[in-house]
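Notes follow the structure.
The values are calculated or read from the model by the stated rules, or taken from the named source; none is laboratory data. Everything numeric in this text was worked out from a predicted model, so none of it was measured. Every residue, glycine among them, receives a Cβ derived from its backbone with ideal geometry; neighbour counts consider all protein chains shown.
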């Protein structure tokens, strides 16, 4: 195979709120940490072991605004994108590197009702609709829901 591929697909929970940064030209980016878990049974101790991996997610422009509006800490989301390593300098002038997921598509997996239910220790199953990198204009928001899906 002569081509290359840089593709990441993750399903995880937000570790914090979406942090937005706006630029003078009108663009913006949103950043948030995403936790993915791996659970297995240890052969030595026969105990369940859970390892958590943290990923830095970067979403741009309209996608970032949608994430900021509808996602909150603990929500489950599917993220698709590519790996990107940035080089930057710390306060001491030392070169530092950060590896991020440049998000190209995402789908909310927690619904509003599930998020509210998790806050009060109850969950209600509800329908879900994917939201992607080029979302259409949201439908008018009803009195009962504040999400356009």
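In the set (1) modelled with pLDDT under 95; (2) surrounded by 15 or more Cβ atoms within 10 Å (Cβ to Cβ), residue 127 fails one condition alone, (2).
Kindly establish whether residue 30 is closer than 19 Å to residue 107 by Cα, in contact with a helix residue (DSSP H, G or I) (Cβ under 6 Å, 6 or more places away or on another chain) and part of a strand (DSSP E or B).
On the way: closer than 19 Å to residue 107 by Cα: yes; in contact with a helix residue (DSSP H, G or I) (Cβ under 6 Å, 6 or more places away or on another chain): yes; part of a strand (DSSP E or B): yes.
For residue 30, the condition - closer than 19 Å to residue 107 by Cα, in contact with a helix residue (DSSP H, G or I) (Cβ under 6 Å, 6 or more places away or on another chain) and part of a strand (DSSP E or B) - is met.
Select from the stretch 18-35 the residues that are surrounded by fewer than 16 Cβ atoms within 10 Å (Cβ to Cβ) and over 16 Å from residue 55 (Cβ atoms) and list them in ascending order. Passing the criteria: 20, 21, 22, 23, 24, 25, 26, 27.
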